[in-house]
Amino acid sequence: MSEPILAPEEIEALMARVAPSEETEALFAALPPVRQPEQVDAFRFGTADEDTPKRYPMFINLQERLVEMLDEQWDELFRRDISVQLGSLESTVYKDLITVEQPQVYFVFEVDGYGRMMMTCSTDMIVAFVDAMLGGEGESTDEPQSLSPVELRLSERIAEKLATTLSTLWHPVHALDFQVYKLDDDPQFLAVTSAYEKCFSAYFEVNISDALSSQFGIHYPRSFLEPMLDNLRVTVSDEPTETDSEWTDTLIESISHTQANIHFQLDRCQIDIGTFLELKPGDFLPMKVRQNEPCTIWVEDVCMFEAKPGDKDGMLAAEIIAPIKTGG
């Protein structure tokens, strides 16, 4: 083993020669000043690598498609033009989503094998929807703080429709069966995910009437989307592609055997909630359509034909008069 270059005594002697702190400061003060730049911008760490919804083109495309689907459905519900627009896409922490001050309604959906996700709506928006469902103009009282028992019960129908819409929306990317897990205006016991889990959030603006504009958000925990992230990274291309006639023929053949729900609607009426709750067998609903006036035939949620009621071979039937909406 080699001997150290300096003995302990020599090291101690050198350390004793180091000037005290006052002398060191004086030495630096005697040096010429270092030239400073005229303008220095504040430094911020880059966020280019942050995992946000904007990095997933297919996820963005799904939210834009959802706008189209909800716009069409809600136009039918309110019987007028309802404007739905995609506001922003953000990465949020679940804890922040359930600690907001303004009153909200929380729709929690569950997909077997993937977990839960959530939709948040302002309370005034849900009140307006319930009013439209009961035949009203789709209005809301000033800043409602919570839902009544009747409004909460009817909101379950809204949630079921949203679950079907989400399943249809995601089907081209990944087959997901959304089921309503919980509906509440108190977020304390929703149990969607852990408090600090990052969520992919899409915020939407809804213009219900000139007097009422509202908003809602859809929030997917990252763990929910994890199995589908590779698919969501796919870039949506607008470039024209060659038509595959064989694929088209097969698609048309498959669609021709698809079942569709058709219902014949005689009329609608508007009654107050008190009368609605007191309805019993034998009561009559006030209709305004005369006996020979045409009614409507609906395919799923789309009004397709004018028709009049009649009978064929002793069975109730609807005779089609004219199409209302062509194509589709």
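The values are calculated or read from the model by the stated rules, or taken from the named source; none is laboratory data. Bear in mind the structure is a predicted one, so any value in this text is a computation, not a measurement. When we count neighbours, we look across all protein chains shown, and the Cβ atoms used for this are built from the backbone with ideal geometry, even at glycine.
Taking the criterion of being modelled with pLDDT of 75 or more and in a loop (DSSP other than H, G, I, E, B), the residues of segment 43-70 that qualify are D51, T52, Y56.
The set of residues in segment 166-185 that are part of a helix (DSSP H, G or I), crowded, with 16+ Cβ neighbours inside 10 Å and in contact (Cβ under 8 Å) with a residue 40 or more places away in the chain comprises L166, L169, W170.
Residues in segment 73-102 that are under 21 Å from Y196 (Cα atoms) and in a helix (DSSP H, G or I): Y94, K95, D96, L97. Suppose we keep only residues that are at pLDDT 85 or above and charged (D, E, K, R) within segment 274-302. Which one would you say is nearest to I158 (Cα to Cα)? Among those residues, the one meeting the criterion is E278.
For segment 87-121, give me each residue that is of a type in the set (S, T, N, Q) and within 13 Å of the chain's Cα centre (by Cα).
S88, T120
Before we move on, is D283 charged (D, E, K, R) and either more than 26 Å from G136 (Cα to Cα) or surrounded by 10 or more Cβ atoms within 10 Å (Cβ to Cβ) (or both)? Answer is no for this residue. The set of residues in segment 254-286 being over 28 Å from G310 (Cα atoms), of a type in the set (D, E) and under 33 Å from the mean Cα position of the chain (by Cα) consists of D272 alone.
Restricting attention to segment 125-135, which residues are in a loop (DSSP other than H, G, I, E, B) and farther than 14 Å from D75 by Cα?
L134
Within segment 79-92, one or more residues are surrounded by 14 or more Cβ atoms within 10 Å (Cβ to Cβ), of a type in the set (A, V, I, L, M) and under 21 Å from V302 (Cα atoms). Looking only at residues that are in contact (Cβ under 8 Å) with a residue 24 or more places away in the chain and surrounded by 10 or more Cβ atoms within 10 Å (Cβ to Cβ) in segment 305-328, which one is farthest from L154 (Cα to Cα)? Filtering first and then ranking leaves I321. Can you work out which of the residues in segment 132-159 that are of a type in the set (A, V, I, L, M, F, W, C) and in contact with a Phe, Trp or Tyr (Cβ under 9 Å, 6 or more places away or on another chain) is surrounded by the fewest Cβ atoms within 10 Å (Cβ to Cβ)? If we take residues in segment 132-159 being of a type in the set (A, V, I, L, M, F, W, C) and in contact with a Phe, Trp or Tyr (Cβ under 9 Å, 6 or more places away or on another chain), then V150 is surrounded by the fewest Cβ atoms within 10 Å (Cβ to Cβ).
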